[in-house]
Every structure is written in C-alpha cells, then in structure tokens.
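The values are calculated or read from the model by the stated rules, or taken from the named source; none is laboratory data. Bear in mind the structure is a predicted one, so any value in this text is a computation, not a measurement. With ideal geometry, Cβ positions are generated from the backbone for all residues, glycine too; neighbour counts draw on all protein chains shown.
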Amino acid sequence: MSHLSIKTLCAAASALSICATAWAQPVPAAAYTHVLPASSVSFSATQMGVPMKGHFKTVTAQIDFMPGDLAKSHVEVAVQSASVDAGSAQTNALLAGADWLAAKADPQARFVSTHFTPDGPGHYWLNGTFSVKGHSQPLRVQVSTHPDGKDLIMDAAFKLDRTAFGLGTGSWADTSVVAAAIAVQVHLVVSPQ
C-alpha cells in the first residue's frame, strides 16, 4: 500500500511537472486577418492657410498580421478614390477629378507592405509602396497597435508630399494655394479569423 502511494505520488508529481512546463510555454500570438467595418482612412490638408478635412467612404484591406511572426505579416489597404468625402458635393467632385485623384483613370489609391520592423511593444515600422494616380513611391510609416477585446486596433499617421504623386495639377499646383503636405490617418480594426 505504501509502495502504491509512492508510485501514485510520483505519477502526480510528474503530471504536475508536465502541466507546469506546458503552462510556461508562450501562447502563440493570434493571426489578425479579418478587417472590420469600423476601419477608416481620413486626411487633412491646408488651403490658403485654412485646414480642411475629409475621408474615404469605401476602404478595403487585406491583413495578415502575426505579432509573433512579422516575416509572414502583410498589409494591403486601398481606398476607392471616387468615395472621397470632404463635406460638399462640389469639393468631392473636384477631388475625384483629373487635377487631383483622377478617379476615372485610376480608381484606387493603395498601400502594399513589404515588411514590418519592431519598434518597441505594440509599435512597428511598416515599409511598403504607396500608389495613387499612376504614381508609386516607397513609404515608411509607424504603426501602433493595442488590443480591444479580442480585436486589435492598428493606427498609422503620416504625411504625403502631394507633388510627388501629381495630386493637384493645373491651378492647384501652387503650394501656396494648397500646401504640399497632406496628413493621412489610417485606423484599422482587425480580428482573428
């Protein structure tokens, strides 16, 4: 009986040891792949010293973000240029027109990532290519992330030089009329698939 008790104790100790080892292993980070409708892309610019703001009503994104495996992570965000909304039908038509976004000739503005680089807890540098109106340029943006329940918030803010992309031609080319820098804010809400 005593012998059986020792064997039982040893087996229990062994099981506890295995459980403790398993508990100590890091839990794999979730892969966030499903983009939720709360995601948005907005922008702000300065015209004749007066700030103006707008956003795009149609945003699509393909996300494969794995915090534990950045080499396999990928982000692609696109907006439908014709969905631009700056507060008035006249301004929207102007921005979607040939001088600005040229929505008929090039329906989408798009960012496609090439790689992530960690920059502290919840922060990353994201390199990729931004394309709009037939122009493409390398772009490096800082992305901050934080959990929201089971979902993940990914935020990025950066400035574009509109002259590098042919945004604002003709009478709009003068940067004293509309400043060269356009601030862009990207807010993505993603969940595990």
Quiz prompt | Ser191 vs. criteria under 23 Å from the mean Cα position of the chain (by Cα) and of a type in the set (Ser, Thr, Tyr) | solution = yes
Quiz item: Taking segment 84-112 only, how many residues are among the aliphatic types (A, V, I, L, M), without any contact (Cβ under 8 Å) to a residue 12 or more places away in the chain and within 15 Å of Leu167 (Cβ to Cβ)?
Solution: 1
Practice problem: Of the conditions (1) modelled with pLDDT of 50 or more; (2) surrounded by fewer than 13 Cβ atoms within 10 Å (Cβ to Cβ), Ala20 clears all except one; give me its number. | Solution: (1)
Practice problem: Please state which one of Asn127, Asn92 is of a type outside the set (Ser, Thr, Tyr), modelled with pLDDT of 95 or more and not in a strand (DSSP E or B). | Solution: Asn92
Practice problem: Quick one: in segment 39-90, of everything that is more than 14 Å from the chain's Cα centre (by Cα) and acidic (Asp, Glu), which residue is surrounded by the fewest Cβ atoms within 10 Å (Cβ to Cβ)? | Solution: Asp69
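Go through segment 54-98 and give me each residue that's among the charged types (D, E, K, R) and under 30 Å from His115 (Cα atoms).
Scanning segment 54-98 gives Lys57, Asp64, Asp69, Lys72, Glu76.
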Exercise. Filter segment 35-50 for residues that are under 21 Å from His187 (Cα atoms) and assigned to a strand (DSSP E or B) and give the result.
Key: Val35, Ser40, Val41, Ser42, Phe43, Ser44, Ala45
Quiz item: Considering Leu167, Leu101, which residue is closer than 19 Å to Ala61 by Cβ and part of a loop (DSSP other than H, G, I, E, B)?
Solution: Leu101
Quiz item: If the Cβ limit is 8 Å and pairs must be 6+ apart or interchain, which residue in segment 33-47 that is within 19 Å of Ala179 (Cβ to Cβ) pairs with which residue that is among the aromatic types (Phe, Trp, Tyr) and crowded, with 18+ Cβ neighbours inside 10 Å?
Solution: Ser42/Phe56
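Answer yes or no as to whether Gly122 is among the small types (Gly, Ala, Ser), closer than 26 Å to Ala82 by Cα and surrounded by 14 or more Cβ atoms within 10 Å (Cβ to Cβ).
No; evaluated as a whole, the condition is false for this residue.
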Quiz prompt | segment 160-174, residues that are of a type outside the set (Ser, Thr, Tyr), in contact (Cβ under 8 Å) with a residue 12 or more places away in the chain and either in contact with a helix residue (DSSP H, G or I) (Cβ under 7 Å, 6 or more places away or on another chain) or loosely packed, with under 14 Cβ neighbours inside 10 Å (or both) | solution = Asp161, Ala164, Gly168, Gly170
Self-check item: Any hit, segment 98-105, residues being under 24 Å from Leu188 (Cα atoms) and touching a strand residue (DSSP E or B) at 6+ places or on another chain (Cβ under 6 Å)
Solution: no
